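Here the structure comes first, spelled out in C-alpha cells, and everything after it is commentary.
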Amino acid sequence: MQLKLALPKGRLLPWTNIFLQKSGLELSGYNEHSRFYRPQCSNFPDLFSKIFHERDIPIQVAVGNYDLGICGLDWVEELLAKYPSSALVKVRDLGYGESDLCVAASRSVKVASIEELKSKVETIRIATEYPNLAESFALRLRLKRFNIFPLWGAAEVYPPESAELALLSQTPDSPFDQELIPLTSILYSSAFLVAHQPSWESKDISPLLHRLCAVGNIEEIERGVRSQWSGLKEPSAGSQPQDSAIWLALPDGHQQKPTLEFLGKAGIRVEGQFAESRRPIISLEGVKVKVIRPQDMPLQVANGNFDLAITGKDWLYDHLYRFPSSPVKEILDLGFGRVRVVAVVSNKLPVDSPQDLRELLGRSSLTTLRVASEYTNVADKYARDNHLSPYRLIPTWGASEAFLPEDADLLIENVQTGRTLAQHNLKIIDTLFESSACLVGSAYTADSSRKKRMDYVIQTLYRTAKEN
C-alpha cells in the first residue's frame with residue numbers, strides 16, 4: 001500500500017531533511033540544491049513523497065491528495081481559520097522551525113498597545129500573507145472598522161503609508177523590520193506533522209507514522225534554529241516623508257538582479273543592501289522606494305499605495321482579468337525578464353493541444369479538469385475561453401510543476417526555455433502570451449508636482465528601454 005507524504009521547500013527544508021534522517025528515512029533528492037520534486041526513499045519503497053511550497057501542504061493533505069504532510073503550524077491555522085471543518089489532524093509538533101506570528105505597527109504611528117488599537121474609530125488596514133487569521137484577529141478584538149489587504153509577501157513594508165498594521169511571521173533568520181514594533185503575538189508556530197483525517201482513521205499509515213513519531217530528541221535541530229535568533233533590530237533614523245514625493249515599487253525575488261542592472265544602465269543608483277532592505281535609497285530626487293512582491297504590485301498601484309511599479313506583464317494581465325475596470329495600465333515595456341506563459345500537461349497525457357484536451361474531457365477517466373496555477377485569473381480565463389469544462393482551479397504558491405500529474409491535469413506556468421518542464425516529464429501544449437518586465441502606473445491623474453516627477457522617471461526609463 002502506497003503512503004504519500006508532502007514535504008516543504010524553502011525555510012523548513014534543511015531542518016526537515018535532518019528530521020527525516022533521524023527518523024531513519026533515507027531520501028535522495030531532498031536538499032536545497034535539488035531541482036526535482038519527488039525524492040526517492042530507498043528504505044521505504046511504498047513511500048511516495050513530493051515537495052511543495054509550505055502554504056500548499058495543508059490544502060493538499062486536507063483534500064486527501066497526501067496522507068501526511070510537514071509544514072508550519074501557521075499555515076495549518078490559516079486554512080482552519082476559514083475552513084474549520086477541514087479534514088486535517090494535527091499529529092505532532094516537530095519542535096523545529098519556530099516562528100512567532102505577530103501583529104506589528106510602524107514606530108512612527110502612535111499606537112503602543114492593543115488597548116489603544118481597540119479604541120480607534122477610524123478604519124484599521126491590516127497587510128498580511130495570512131488574511132484568514134488577520135480577519136479572525138480583528139473580529140476577536142472587536143475592531144470597529146477594518147480592512148484586510150491579502151499579500152503574497154513583504155507585509156512589513158506597508159505600514160505606515162499603506163496600512164496601519166502588519167500581521168507577519170518573525171523567524172530566527174528574518175527578524176522584524178527595524179521600522180516595526182510588535183503589539184501582540186497571536187500564534188507561536190513550529191513545524192508540524194499533519195494527517196488527512198480519513199487516512200488517519202481508516203488507512204494503515206502506522207509504518208510511516210511510527211518512524212516520524214519515533215524521533216524523541218531533536219535538540220540539535222532546535223539549537224540550530226535558535227542559534228540564528230537575533231531578536232528585534234534597533235530602529236534607525238529614517239528619512240522624513242516628502243509630501244510631493246512619489247512611490248516606486250521594485251520587485252524582490254529573481255527579478256531583483258535584472259531590475260538593478262536595468263536601473264544601472266539608466267544611470268539610477270539604488271543604495272544600501274537591496275537584497276535585505278525593503279526601503280532602499282534611490283538616486284532620484286523626490287522618489288521613495290519599497291521592495292515588494294511583483295504579484296502584489298498591480299493591486300497596490302490600483303489602490304493608490306504606489307505611483308509606479310516594475311512588475312511583469314503576466315501579473316498585470318492576471319490582475320486585469322479579475323478587475324477589467326482597474327485603473328492600472330502598462331506605461332513601458334522594459335524589455336527584460338522575458339518569459340512565455342504556457343499551458344502544460346504531463347507527457348503521459350495523450351494530448352498536444354487544448355482542442356485535444358477538450359475532446360478528452362468526458363470520454364475518459366478525465367471527467368473534471370484540475371487546473372493548477374499561480375495565475376489563477378489567467379488560468380480561469382484560459383479554461384473558459386477554450387471550453388475546458390468542467391474544470392476546477394487549484395491555486396498554488398510556487399513549485400507549480402510539482403502538481404503534475406498526480407495532483408493536477410493542466411498547469412498554467414511561465415517558462416524561459418522549457419528545459420525544467422522537460423526534466424519533469426512535462427510538455428507545452430499551448431502558449432497564452434509572452435511576458436516581460438514592465439512599468440505600470442495608474443490612469444488616475446496625479447497632482448502636478450507629483451506628475452512631473454513621474455514623467456521624469458518614465459522618460460529616464462524609456463530611453464534605456466528603447467536601447468534594449
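Looking only at the range 118-177, count how many residues are hydroxyl-bearing (Ser, Thr, Tyr), within 15 Å of Arg278 (Cα to Cα) and in contact with a Phe, Trp or Tyr (Cβ under 8 Å, 6 or more places away or on another chain).
Residues meeting the conditions: 2.
Being more than 27 Å from Gly29 (Cβ to Cβ) and free of Cβ contacts under 8 Å to residues at least 12 places away in the same chain narrows it down to one residue among Glu77, Glu122, Glu116; which is it?
None of the others qualify; the one that does is Glu116.
Got at least one residue in the range 4-23 being on the phi < 0 side of the Ramachandran plot, touching a Phe, Trp or Tyr at 6+ places or on another chain (Cβ under 6 Å), at pLDDT 95 or above and part of a strand (DSSP E or B)?
For the range 4-23, residues on the phi < 0 side of the Ramachandran plot, touching a Phe, Trp or Tyr at 6+ places or on another chain (Cβ under 6 Å), at pLDDT 95 or above and part of a strand (DSSP E or B): present.
Restricting to the range 273-316, and then to whatever is in contact with a helix residue (DSSP H, G or I) (Cβ under 6 Å, 6 or more places away or on another chain) and among the aromatic types (Phe, Trp, Tyr), can you tell me which residue is farthest from Ala437 (Cα to Cα)?
Looking at the filtered set, the residue picked out is Phe306.
Among the residues of the range 114-150, which ones are more than 22 Å from Pro294 (Cα to Cα) and either aromatic (Phe, Trp, Tyr) or not assigned by TED's automatic domain parsing to the domain that holds Ala163 (or both)?
Phe137, Phe146
Determine if the range 332-346 includes at least one residue that is among the polar types (S, T, N, Q), at pLDDT 95 or above and more than 29 Å from Ser106 (Cβ to Cβ).
Yes, because at least one residue in the range 332-346 is among the polar types (S, T, N, Q), at pLDDT 95 or above and more than 29 Å from Ser106 (Cβ to Cβ).
Among the listed residues Ile181, Ile186, Ile148, identify the single one that is β-branched (Val, Ile, Thr), over 23 Å from the mean Cα position of the chain (by Cα) and not in a loop (DSSP other than H, G, I, E, B).
One residue alone meets the criteria, Ile181.
Please work out if Ala309 is in a strand (DSSP E or B) and closer than 22 Å to Ser162 by Cβ.
yes
Being assigned to a strand (DSSP E or B) and over 30 Å from Gln256 (Cβ atoms) is true for just one of Arg384, Arg363, Arg370, Arg340. Which residue is that?
The conditions single out Arg370.
Among the residues of the range 443-461, is there at least one that is outside the structural domain of Ile51 (by TED's automatic domain parsing), buried (at least 21 other Cβ atoms within 10 Å of the Cβ) and among the polar types (S, T, N, Q)?
no
Taking into account only those residues within the range 25-55 that are assigned to a loop (DSSP other than H, G, I, E, B) and of a type in the set (Ser, Thr, Tyr), which is farthest from Thr128 (Cα to Cα)?
Ser42
In this structure, is Pro8 closer than 19 Å to Phe403 by Cα, touching a Cys at 6+ places or on another chain (Cβ under 9 Å), touching a residue at least 12 places away in the same chain (Cβ under 8 Å) and not acidic (Asp, Glu)?
So Pro8 passes the test.
Restricting to the range 416-440, and then to whatever is at pLDDT below 95 and touching a Lys or Arg at 6+ places or on another chain (Cβ under 8 Å), can you tell me which residue is nearest to Thr367 (Cα to Cα)?
Per the criteria, the residue is Asn425.
Just one of (1) modelled with pLDDT of 95 or more; (2) outside the structural domain of Thr420 (by TED's automatic domain parsing); (3) not hydrophobic (A, V, I, L, M, F, W, C) trips up Arg370, so point out which.
(2)
Tell me, which residue of the range 98-121 that is hydroxyl-bearing (Ser, Thr, Tyr) and part of a loop (DSSP other than H, G, I, E, B) is farthest from Pro14 (Cα to Cα)?
Result: Ser119.
Which of the residues that make up the range 421-459 are part of a helix (DSSP H, G or I) and either among the aliphatic types (A, V, I, L, M) or touching a helix residue (DSSP H, G or I) at 6+ places or on another chain (Cβ under 7 Å) (or both)?
Of everything in the range 421-459, those that are part of a helix (DSSP H, G or I) and either among the aliphatic types (A, V, I, L, M) or touching a helix residue (DSSP H, G or I) at 6+ places or on another chain (Cβ under 7 Å) (or both) turn out to be Leu421, Ala422, Met454, Val457, Ile458.
Please verify whether the range 395-406 includes one or more residues that are acidic (Asp, Glu), in contact with a strand residue (DSSP E or B) (Cβ under 7 Å, 6 or more places away or on another chain), more than 25 Å from Phe36 (Cα to Cα) and not assigned by TED's automatic domain parsing to the domain that holds Pro294.
no
The values are calculated or read from the model by the stated rules, or taken from the named source; none is laboratory data. These figures come from a predicted structure and were not determined experimentally. Virtual Cβ from ideal backbone geometry, glycine too; neighbours counted across all protein chains shown.
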